[in-house]
1. Quick one: check the C-alpha center-to-center distance for the range 21-47 versus the range 104-141, whole angstrom.
2. Any of 37/84; 37/184; 50/91 with alpha carbons more than 24 Å apart? Name them for me.
3. How big is the dipole moment of the range 95-202 about its Cα centre under a simple scheme where the beta carbon of each Lys and Arg is +1, that of each Asp and Glu is -1, and everything else is neutral? Debye, nearest 20, please.
4. So, with +1 on the Cβ of K and R and -1 on the Cβ of D and E, and no other charges, what is the size of the charge dipole of the range 6-47 about its Cα centre, to the nearest 20 debye?
5. Considering only 177, 114, 56, whose Cα is most displaced toward the positive end of the charge dipole of the chain, charges sitting on Cβ of Lys, Arg (+1) and Asp, Glu (-1)?
6. Kindly identify the chain as rounded, prolate or oblate by the Cα gyration tensor criterion: order the square roots of the eigenvalues as a ≥ b ≥ c, call it rounded if a/c is under 1.5, otherwise compare a/b with b/c, prolate if a/b is larger, else oblate.
7. Using only Cα atoms, tell me the angle between helix 164-174 and the longest principal axis of the chain; keep it within 0 to 90° and round to the nearest 10.
8. Treating only the Cβ atoms of Lys and Arg (+1) and Asp and Glu (-1) as charged, compute the dipole magnitude of the chain about its Cα centre; round to the nearest 20 debye.
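Every number in this text was worked out from the coordinates using simple rules, so none of it is lab data. Worth saying up front: this structure is predicted, and the values here are computed from it rather than measured. Don't worry about glycine lacking a Cβ; one is built from the backbone with ideal geometry, like all the others, and counts go over all protein chains shown.
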Amino acid sequence: MDQNVNTSPELELPVLPLRDVVVYPHMVIPLFVGRQKSILALEEAMLRDKQILLVAQRSASEDEPKIEDLFGTGTAATILQMLKLPDGTVKVLVEGEYRAGIVRLFEKSDHYVAELHQLTEEEVSASEAEIYKRTVLDQFERFIQVNKKIPNEVLTSLNNIDDPSRLADTVAAHMSLKLDEKQKLLEILGAKDRLEKLMSLM
């Protein structure tokens, strides 16, 4: 598993710490944000290309997470929609873009900012991708039959995904895994390694 870091200059993005959720690239998810620091990070992101870094907290019970309470790998995301609710919380719809390794995390204007590198993934040959896709989908189909919480149409949507990395992330998003398992899957850059890990978890 090569931690391939591309040679682009470090980016700087506001950080949104997440409790109990890991967002993967290509995943569109609504989040409810109530902490002032997090709302300030969202407002900053809206002023700068709507880009934000989503990072899971090591412990969900931490109300005011410190820098050391956040994982070192997150997902850079685009804010698709942001809505302030009457009770002061914010509902935000985000779409994960790519895996990001945090180089430095610091506080600026009452919210966290990260210097980050985009993490690039290993290529998989078309023939290997096809074998992995068939194997994972067969196993996931059996998993759905046992685990009635996942609707069958999820399988149909997975059949239309040819990119093994995206397939792995989409399967991971539909599985009810513990936070540290979801985070480990985010940190595995090789699609083959990630699919193998998913099959062992199923």
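1. Comparing the Cα centres of the range 21-47 and the range 104-141, I get a distance of 19 Å.
2. In this structure, 37/184 lie more than 24 Å apart at Cα.
3. The dipole magnitude comes to about 480 debye.
4. 200
5. After comparing all options, I get 177.
6. The shape class here is prolate.
7. The angle comes out at about 70 degrees.
8. 620
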